[in-house]
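The values are calculated or read from the model by the stated rules, or taken from the named source; none is laboratory data. What you are looking at is a predicted structure, and each value in this text was computed from that prediction instead of being measured. Here Cβ is always computed from backbone atoms with ideal geometry, including for glycine, and neighbour counts include all displayed protein chains.
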Amino acid sequence: MRYVSTRGEAPSRDFDGVLLAGLAEDGGLFLPETWPVLTAAEWRALRGLPYPALAARIVALFTGGQPDEATLRTLLEEAYAGFGHKAVCPLVQLDARTFALELFHGPTLAFKDMAMQGLGRLFDQTLARRGQRVTIVGATSGDTGSAAIEACRDRAAVDIVILHPEGRTSEVQRRQMTTVLSPNVANLAVAGSFDDCQDLVKAMFADAAFRTEMSLAAVNSINWARVALQIPYYVAAALALGAPDREVAFSVPTGNFGNVLAAWVARRMGLPISQLIVGSNRNDILVRFLSANDMTVRAVEPSLSPSMDIQVSSNFERLLFELLGRDPKATAETMRRFRTEGRMPVPDLAWREVSQVFRGFALDDAGTLAEIARLHRECGYLADPHTAIGTAAALAVPPADPAVPVVVAATAHPAKFPDAVRQATGIIAPLPPRLSDLYERPERLTRLPADLEAVEAFVRSHARRNAA
Ligand SMILES: *Cc1c(COP(=O)(O)O)cnc(C)c1O
């Protein structure tokens, strides 16, 4: 299987190449040259497989044999072994037609673990096979850093350094990062803002000599392998509800468009998904696009669902490429105008096509709290603010056919956002047992000024390739 860039100016690559590169050299995103499509009989044959085996079967359709399905199965069995639920991502019925697909039973209590736990091991396996190693550097305002650290801890071919703004993350978020004491993990508490941290990471990547010396790599949400690892749970949920012999719909609380894109890929592969619902908070650029073809950038506003406080959804470029008939020149030009003019010019015909499959719904903070309270009152279900936006969207813009079940991607554990949950329900959501001693665990971090030279010197000393 080969991969092409959405902007058409980068050479095609195999799965290894896409995994290790992340972004294409022309600034585009990688997509498979052709989509694997399964027949109804092939979908049926997947019913009843344990989740890691199902996931290996699906991901293997995208790796071209390297790694092969057996290797993937071993790797994914290990990736999901530590999850807090035997089913990995259980489906919970909320009412007659609505289900929650709980994607938050991983180490950091959010859906990113579903992909990141596999991604860290894929990196390790691929690097070991090629006799290489990398240093992953990243900046976090709190959430993604812990998922990356949990994914990379104790991996032999990977060192990881995560920068966070000192004193500006929540205590849970900081502790989820700093209590990981594995020797290949380092946390830098930078005297500055999140933007300072991000600028430092960008500067490290822009320093070509340093980048090569350290073999710098990133594990951000535009990596194709992350999208690939998110497809299997849509397959699992749809099969459980009767696919391929019954249609299903999904409602996905959306930020960077990675999670809902994976659902779209499952549909493209032939799974009978009748509708995809995009949930947003007041940062509603995608909802404005889906309702009125208005993709205009506005300032990001903070909300109770911070993982969706995004204006530019980077993975949208992959869907755009498909909508434009896989025309890389048109995609590059559309993205260029989006960057310079702050508004994405999507042709009406393409927009009509997308709005037949996708519906959007936005909810403000008051609505989110009301929905958390309603779910608790009417369904006996404790939901985090992101998940609540997904259930509210499922109710607001459901598929026309009432026989079609709607599966909501439950993207975070309620204990990850305890303040909103308590405000809405009066209940303090308890941390799962495996995390209940988080506040007693020892922490390790290094404080540094927001200074490139100091940060680079630290990264150099941390990377074990130099210590060895
Ligand atoms: C990252 C995240 C999202 C958004 O997912 P995208 O793939 O960026 O659209 C939603 N909810 C939670 C809890 C998240 O951590």
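Scan GLU317, GLU322, GLU333 and give me the residue that is modelled with pLDDT of 95 or more, more than 19 Å from THR391 (Cα to Cα), among the acidic types (Asp, Glu) and within 16 Å of the ligand (Cβ to nearest atom).
GLU317
Among the residues of segment 291-314, write down those that are modelled with pLDDT of 95 or more and not aliphatic (A, V, I, L, M).
Within segment 291-314, SER291, ASN293, ASP294, THR296 meet the criteria.
For residues that are assigned to a loop (DSSP other than H, G, I, E, B) and free of Cβ contacts under 8 Å to residues at least 40 places away in the same chain, scanning just segment 43-60, find the one that is farthest from LEU239 (Cα to Cα). It would help to see each step written out before you state the result.
Looking only at segment 43-60, we keep the residues that are assigned to a loop (DSSP other than H, G, I, E, B), and these are 45-50.
Next, only the ones that are free of Cβ contacts under 8 Å to residues at least 40 places away in the same chain stay: 45, 48-50.
On the way: ALA45: 10, GLY48: 9, LEU49: 10, PRO50: 12 Å.
So, considering only residues that are assigned to a loop (DSSP other than H, G, I, E, B) and free of Cβ contacts under 8 Å to residues at least 40 places away in the same chain, the one farthest from LEU239 (Cα to Cα) is PRO50.
For residues that are away from the ligand (no atom under 16 Å from the Cβ) and in contact with a helix residue (DSSP H, G or I) (Cβ under 6 Å, 6 or more places away or on another chain), tally how many sit in segment 263-283.
The number of residues fulfilling the criteria is 2.
Across segment 313-353, what is the total count of residues that are in a loop (DSSP other than H, G, I, E, B), of a type in the set (Gly, Ala, Ser) and under 23 Å from GLY255 (Cβ atoms)?
So the answer is 3.
Please tell me if VAL88 is more than 16 Å from the ligand (Cβ to nearest atom), on the phi > 0 side of the Ramachandran plot and in a loop (DSSP other than H, G, I, E, B).
When the stated conditions are applied, VAL88 passes them.
Checking the structure you have, find out if any residue of segment 432-442 is within 16 Å of the ligand (Cβ to nearest atom), in a loop (DSSP other than H, G, I, E, B), surrounded by fewer than 23 Cβ atoms within 10 Å (Cβ to Cβ) and at pLDDT below 95.
yes
So, VAL260, is that one surrounded by 24 or more Cβ atoms within 10 Å (Cβ to Cβ) and out of contact with any helix residue (DSSP H, G or I) (no Cβ under 7 Å at 6 or more places or on another chain) or not? Please lay out each step first, then the result.
On the way: surrounded by 24 or more Cβ atoms within 10 Å (Cβ to Cβ): yes; out of contact with any helix residue (DSSP H, G or I) (no Cβ under 7 Å at 6 or more places or on another chain): yes.
So VAL260 passes the test.
For the subset of segment 1-42 comprising residues that are among the hydrophobic types (A, V, I, L, M, F, W, C), free of Cβ contacts under 8 Å to residues at least 40 places away in the same chain and surrounded by fewer than 22 Cβ atoms within 10 Å (Cβ to Cβ), which member is nearest to ASP245 (Cα to Cα)? Before you say what the answer is, go through the steps one by one.
Our first condition is that a residue be among the hydrophobic types (A, V, I, L, M, F, W, C); within segment 1-42, this holds for 1, 4, 10, 15, 18-21, 23-24, 29-31, 35, 37-38, 40-41.
Now restrict to residues that are free of Cβ contacts under 8 Å to residues at least 40 places away in the same chain: 10, 21, 24, 41.
Checking which are surrounded by fewer than 22 Cβ atoms within 10 Å (Cβ to Cβ) leaves us with 10, 21, 41.
Numbers: ALA10: 40, ALA21: 38, ALA41: 10 Å.
Ranking the candidates gives ALA41 first.
Given the condition among the polar types (S, T, N, Q) and in a loop (DSSP other than H, G, I, E, B), answer yes or no: does some residue in segment 122-135 qualify? It would help to see each step written out before you state the result.
First, the residues of segment 122-135 that are among the polar types (S, T, N, Q): 125-126, 132, 135.
Cutting the leftovers down to in a loop (DSSP other than H, G, I, E, B) gives us 132.
Checking segment 122-135: at least one residue is among the polar types (S, T, N, Q) and in a loop (DSSP other than H, G, I, E, B).
When the residues of segment 93-142 are filtered to those that are aliphatic (A, V, I, L, M) and closer than 21 Å to ARG73 by Cα, which remaining residue is farthest from the chain's Cα centre (by Cα)?
Among those that are aliphatic (A, V, I, L, M) and closer than 21 Å to ARG73 by Cα, it is ALA128.
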